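The values are calculated or read from the model by the stated rules, or taken from the named source; none is laboratory data. Remember, it's a predicted structure, so these values are computed and weren't measured experimentally. Cβ: placed from backbone, ideal geometry, glycine included. Neighbour counts: every protein chain shown. These accessible areas exclude ligands, DNA and RNA; they are computed on the full protein's heavy atoms, side chains included. Shrake-Rupley method; radii C 1.70, N 1.55, O 1.52, S 1.80 Å.
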Amino acid sequence: MRRIRANAIAILTVAWILGTFYYLWQDNKPHSSSSASEPRVADIRRHAAHRDDRTIPLIVTQSPWAEQQQGQLIGSFDEKAYLLEKQLKAGDDPYRDHAFNLAESDRLGSERAIRDTRHYRCASVNYDATLPPTSIIITFNNEARSTLLRTIKSVLLRSPPSLIQEIILIDDFSTDPEDCQLLSQIPKVRCLRNGRREGLIRSRVRGADSASASILTFLDSHCEVNTDWLQPMIQRVKEDRTRVVSPIIDVISLDNFAYLAASADLRGGFDWSLHFKWEQIPIEQKMSRNDPTLPIRTPVIAGGIFVMDKSWFNHLGQYDTHMDIWGGENFELSFRVWMCGGSLEILPCSRVGHVFRKRHPYDFPEGNALTYIKNTRRAAEVWMDEYKQYYYSARPSAQGKAFGSIADRLTLRHKLNCKSFHWYMENVYPELRIPERDAVSSVLRQGGLCLESLGSDSLGLAECSKGSGAMRPQSQRWQLVEPLLRQQDICLAITAFTAGSKVKMEPCNMKEPRQKWKQKGPTLQHVVSGLCLDSQLSVGPPAIAQCWPQLASQVWEPQLIT
Ligand code: LR7
Ligand code: MN
């Protein structure tokens, strides 16, 4: 009898364990795996990391203040009527208008509970008893009513009411003005409608200008904020207004709207084509993180969800309002914040869910590609200094495309006395690799001869060696990556800043003024002295001389080695 009971207990225990594992597995199951057509989506799956077992395994009931708020929360707003008016019709493709499953979003209602995805230690972090309130800024173009409403209600339900000064909606010329207008019946919600399509950048600036709180909080229009999302961010900004902070961005599945925890070990990065990506925090930083509630420094932010002091936002020049529709503004803001005296961080105790999509559901009046190029070109031209060449090599189609005047932004950069992109590379993002130095090599032809270096002091002209591709001798292979004229890791340098000084080869150093050259017409001009490389063919070894582009000894014709 006793053995039977013992067996029964054992079986029940095993069943319980299996059940728990099944539950966790279900919860972790990756969703939607169709292939990504746009670059911006390529990282989503990586980002949608599986739930960390150390997170709090609880379903969020609403926050303590939610109950007191019920009733007043929604004012005269008729939620049912608002949602019913835009129901999907039978037979409609639920993905057509919003690039996510609208049927599923509509089915969820506006107040669903979500999992508290924070590390359990976040629950015992303390914040100041009085924190300053914030204005929430949400811009949208034809957002689905159910996702927009859920964004707003999650804010009202999961934030201490005293911290929400107002929610400013900027309707970026959506087809139906009522999508926005009706929502302004909800207490604290204001609606501003653009008279024409402006794009998210100018819309956010409009929202920020009309905000009455001293702290700005930006959200996309299809988010759900999680438990205590706001306090960590406001605390950090209150302590130091130059911090610009964002939460960990959890993933709301575009297919079934499951709320999935993102990995807590990621930060924002990019490649040279200015394509945003999530990446692992560097291993040394990871090893030294013994407190999972501490901020994570990030080279760039994703762009949509962040908190920033309003006076700091204005001081730093808000946004580049010549950027259109979508894209690039997150790089421009990130470079500017770091280079002009601020910092960017991700706060792991703040979590906000976002519906990541695979395509834009709205149109780009100038076309998607051209708009992205215009915006990123502006960011590169204003902020990336000589490193912009890597952007152009990674995105050759950007060359020659219109990007408008950047004079105002250059003045701003100068006025704010911002650091160089080189500083940013060394201090903020040293992990970003500079493309292979010898990716493209050229010979530098002068008449029938070629510039050649044989060791540090022996530069001269020699007969152009034959042989193609890798068969060309190293001594005649040059990489013209302004401001440097390199042969792998050694660079052409002047020996003094006066006319007649010889040139030599020495280890490359971007910061060394003697090594800075630029192509000027057919000549190679030394940037600082303004003198030109001259072969001095009949007189002596190559040197720098007063520029005379008509002079055969100063004409250099780069020819790609293929
Ligand atoms: O013309 C437009 N007008 C708008 O108001 C186009 C868009 N929008 C609104 C739109 O309704 C949405 O609320 O702008 C917001 C962002 O557009 P999405 O959701 O189509 O873009 P996204 O989620 O891919 O955008 C990410 O990158 C953008 C680059 O410009 C912005 O910085 C977005 O804010 C940003 N979103 C996030 O960072 C959330 C996390 C996703 C990631 C990575
Ligand atoms: Mn979005």
In whole angstrom, largest first, the equivalent ellipsoid semi-axes that the Cα gyration tensor gives for the range 515-562 are 16, 14, 10
Given unit charges at Cβ for Lys, Arg (+) and Asp, Glu (-), the dipole magnitude of the chain about its Cα centre in debye, nearest 20, is 700 debye
Once normalised by the length of the chain, the mean sequence separation of its alpha carbon contacts under 8 Å that are 6 or more apart gives a contact order in percent of 12 percent
Per residue convex hull volume, Cα only, the chain, in Å³ is 218 Å³
With every protein chain kept in place and a 1.4 Å probe, the residues Tyr82, Tyr120 fall, from largest accessible area down, as Tyr120, Tyr82
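If you take the Cα atoms of the range 368-428, find Rg, then find the Kirkwood Rh from the mean of 1/r over all pairs, what is Rg/Rh?
Values: Rg = 12.2 Å, Rh = 12.4 Å.
When Rh is taken as the Kirkwood radius, the ratio is 0.99.
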FRET efficiency (Ala499, Met287; Cβ distance; R0 45 Å; to 0.05) is 0.25
Computed over the range 61-355, the distribution of all Cα-Cα distances in 5 Å bins, rounded to whole %, is 1, 5, 12, 17, 19, 18, 14, 8, 4, 1, 0, 0
One would report the antiparallel percent of DSSP beta bridges in the range 61-355, rounded to the nearest 5, as 40 percent
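Just add up the charged neighbours of Asp106: K/R +1, D/E -1, any other residue whose Cβ is under 9 Å from the Cβ of Asp106.
Working: positive: Lys86, Arg107, Arg145; negative: Glu104.
Neighbour charge sum, excluding Asp106 itself: +2.
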With Rh as the Kirkwood radius over Cα pairs, the range 182-332 has Rg/Rh of 0.96
Taking only protein heavy atoms and a 1.4 Å probe, the highest-to-lowest accessible-area order of His414, His119 is His414, His119
Dimensionless Rg/Rh of the range 95-180, both radii on Cα and Rh by Kirkwood, sits at 1.04
Computed over the range 440-560, the relative contact order (Cα-Cα under 8 Å, seq sep at least six) in percent reads 25 percent
On the accessible surface of the range 440-560, probed at 1.4 Å with all protein chains in place, carbon and sulfur together account for a percent value of 57 percent
In whole percent, the Cα-Cα distances of the range 188-275 spread across 5 Å bins from 0 upward as 2, 9, 16, 18, 21, 18, 13, 3, 0
Per the beta carbon screen (other Cys under 4.7 Å), unpartnered cysteines of the chain come out as Cys223
With bins of 10 Å, the percent of all Cα-Cα pairs of the range 440-560 per bin from 0 is 15, 52, 31, 3
Expressed per residue, the solvent accessible area of the chain in Å² (1.4 Å probe) is about 45 Å²
When the charge dipole of the range 61-355 is computed with +1 on Lys and Arg Cβ and -1 on Asp and Glu Cβ about the Cα centre, the Cα farthest towards its positive end, among Pro161, Ile138, Ala302, belongs to Pro161
Mean Cβ-within-10 Å packing, highest first, puts peptides 488-500, 325-337 in the order 325-337, 488-500
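Quick one: with all protein chains in place, what share of the accessible area of the range 265-312 is carbon or sulfur, to the nearest percent (1.4 Å probe)?
Values: 980 of 1800 Å².
Carbon and sulfur together cover 55 percent of it.
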Sorted on mean Cβ neighbours within 10 Å (highest first), peptides 222-230, 524-532, 275-283 come out as 222-230, 524-532, 275-283
Of every hundred units of 1.4 Å-probe accessible area on the range 100-168, the number belonging to carbon and sulfur atoms, as a percent, is 47 percent
